[in-house]
Every structure is written in C-alpha cells, then in structure tokens.
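Novice: My structure is below; once you've seen it, I'll send some questions.
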Amino acid sequence: MWIFLVIVICLIFFSIIYFKKPLQNKNWTAIHKKTAQITFDNNIINIQNIKDFTYMDNGQINKAHYFNDSFDITQVKTVWYGLAHFSKFGIAHAFLSFEFENGQFLVTSIEARRLSKQKFSPFKGMFNQYNKIIVFGTERDIIGLRTHYLKHKVYLYALEMDKSETQSLFESVLKDALKLQKQPEFYNTLLDNCLTGIAKFSKQWNKLRYTFDYRVFLPGFSDVLVQKMGFLNTDISIKNIRAKALLNPVGSHPEDHDFSKKIRKNYNI
C-alpha cells in the first residue's frame, strides 16, 4: 500500500514538472532584466544587450548598463574556462570567456533566470523552477563583480582547443542563445552549465557516464574533468594549474581599461 502511494505521489510530482511551461515577461531580478539579442551577418555576429554593470562596494548594482557590439567569429583566439567559488564544498559558478585576435573579450554565462527577490537553489534547479538565460557580458562585470566586490575565489583556465574547436564552441553558445530568443526554456542544474557546453567537443565525453558525476553538479571540482577531457595540460598537476589560474585582485580594478590583461598577469601555463 505504501509503495503504491509513493509511486502515485512521484507520478503526480513529475507530471506537474513535465507539463509546466517556462515563464514569460515576468518581473525578473535586476541582473536578468534583459536578454541578449543576436543576429548573424556571415561571419560577423551582432549582439545587443551585452551586460556591463558597475557595482558598489557591497556588490549591489551601482549602474545597470548594456551596450551593443559585433564580433568576428573567425577571430576567436582563446576560450577561457572560469570558475567562481562562492561557497565551500565545490559550489561554484562556471562561465566561458572568449578572447579575440583584436583584444576583445566576451563572457558567456548560463544562468537560472530568477524572479525579483527569488533565491537560487541548485536542488530546485533540477526540477524546472527557473528559466534559462545566457548572459553575454564584459569581464569587468562578470569577473570583476566576483573578484573585487563579492570576494569570490575565481579561477581562469585557458583551454587547449584548436581553431576550429574554439569557433565551434562559440557558435554553439550563440545558437543556444538564438533558440532562447524564440522560445524560453527551463534551466537545469545538471544539464545546463558551461562544463556540459564544452564537453560535447571532447572525444572522451560520455553523456550517460558524466551526467550524474558529482563534478558536474559541483562545478568547483569540474576543472579535474576539463583536464581529463584533454582541454588542460595533462602533464601538470591540477594543483599547480589551479595555482596559476587563481586570479589575484590586488593591482587591478574593474574600472581599469586593461582589466582583462591585469587579471591574467600570472597565467603562464
């Protein structure tokens, strides 16, 4: 009898989740008010609503600013894998920063689009509780907020990818963002993060094997998987790689015009 009741309750629970629809045009939290709008012009990508906020010392928004810019998809030089540790036990936020030949940087961050005053829960994120949003922003915003104001421990890893892989990864993120322009989707803690985004380019990635790997659910440990997939130097210990990749906020400020260069001054792997 009890087994039957548990089965019924589970069926009802998952039916509610399955038939639930993503929210549209709601009162979103300030950092997720606008979504990026993307258009293609051959190899040139035009992006509207690139996030470039400034912040007060307590991490609260000082000025909400968006701008438009264009990027040449053939000029992607390096993909940087970022990890911002905001708590213990491997709880971190993963993001990607694309570096271009002309010195441009563009950060892409897959996030749970929250309603105003709604808090994020990784557990709830597995059950269609948040919309999915791909934020396109500057490094001084996405990284500077975490290094200088929130005081998170942030790492930046230069991925070992060839030219075709870096371009394909950038295109993959852009296509996901285009899909969201047409139809909102749910965010999923396990399936929608920057690690799973780059994993598809690894010959060693096995979706069934890694989907429930604790290092996917706890991205703070995901650099080990990234190295295992061949995107970080396998001849160097992950401990030494982390030591080089850890960003030191001393000597830089998000308002610096060469902020991206300054935060990479110790990266020589």
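Every number here is computed from the coordinates shown, using simple stated rules; none is lab data. Small disclaimer: the values here were computed from a predicted structure and weren't measured. Note that we place each Cβ from the backbone using ideal geometry, even for glycine, and neighbour counts take in every protein chain shown.
Novice: At q = 0.12, 0.15 Å⁻¹, what is the base-10 log of I(q)/I(0) for the chain according to the Debye formula with one equal point scatterer per Cα and no solvent? Please give it to two decimals.
Specialist: -0.75, -1.20
Novice: Order the peptides 117-126, 228-237, 71-80 from the highest to the lowest mean number of other Cβ atoms within 10 Å of their residues. Can you show the working numbers first?
Specialist: Working: 117-126: 13.4, 228-237: 15.2, 71-80: 18.0.
Final packing ranking: 71-80, 228-237, 117-126.
Novice: Which of I263, I45 comes first, and how do the rest follow, when ranked by fewest Cβ neighbours within 10 Å?
Specialist: Numbers: I263 24, I45 18.
Least crowded to most crowded, the residues run I45, I263.
Novice: In addition: Would you mind putting 53-64, 182-193 in packing order, based on average other-beta-carbon counts within 10 Å, highest first? Intermediate results must be reported in sequence, preceding the final value.
Specialist: Numbers: 53-64: 12.6, 182-193: 16.6.
The most tightly packed comes first, giving 182-193, 53-64.
Novice: Something else about it: Please give the helix 163-182 orientation as an angle from the longest Cα principal axis of the chain, in degrees from 0 to 90, rounded to the nearest 10.
Specialist: For 163-182 against the chain, the angle is about 50 degrees.
Novice: From the helices alone, meaning DSSP H stretches of at least four residues, give me the mean residue ellipticity at 222 nm for the chain, per-run term -39500 (n - 2.57), in deg cm²/dmol to the nearest 500. The partial results should precede the final answer.
Specialist: Working: 9 runs with 77 residues, N = 269.
My calculation for the chain gives -8000 deg cm²/dmol from helical runs alone.
Novice: If you place +1 on the Cβ of every Lys and Arg, -1 on the Cβ of every Asp and Glu, and leave all else neutral, what size is the dipole of the chain about its Cα centre, to the nearest 20 Debye? If you can, show how the numbers build up before the last one.
Specialist: Working: 36 positive and 23 negative charges, 213 e Å.
Approximately 1020 debye in magnitude.
Novice: Sticking with this one: What number, in percent, do you get for the relative contact order of the chain if the mean sequence gap of Cα pairs under 8 Å and at least 6 apart is divided by its residue count? Show your work: numbers first, answer last.
Specialist: Details: 441 pairs, mean separation 52.7, N = 269.
For the chain, the relative contact order is 20 percent.
Novice: Turning to a different aspect of this structure: Within 10 Å of each residue's Cβ, count the other Cβ atoms and sort R114, R242, R146 from fewest upward. It would help to have the intermediate numbers written out before the result.
Specialist: Values: R114 19, R242 15, R146 22.
Least to most surrounded, the residues fall as R242, R114, R146.
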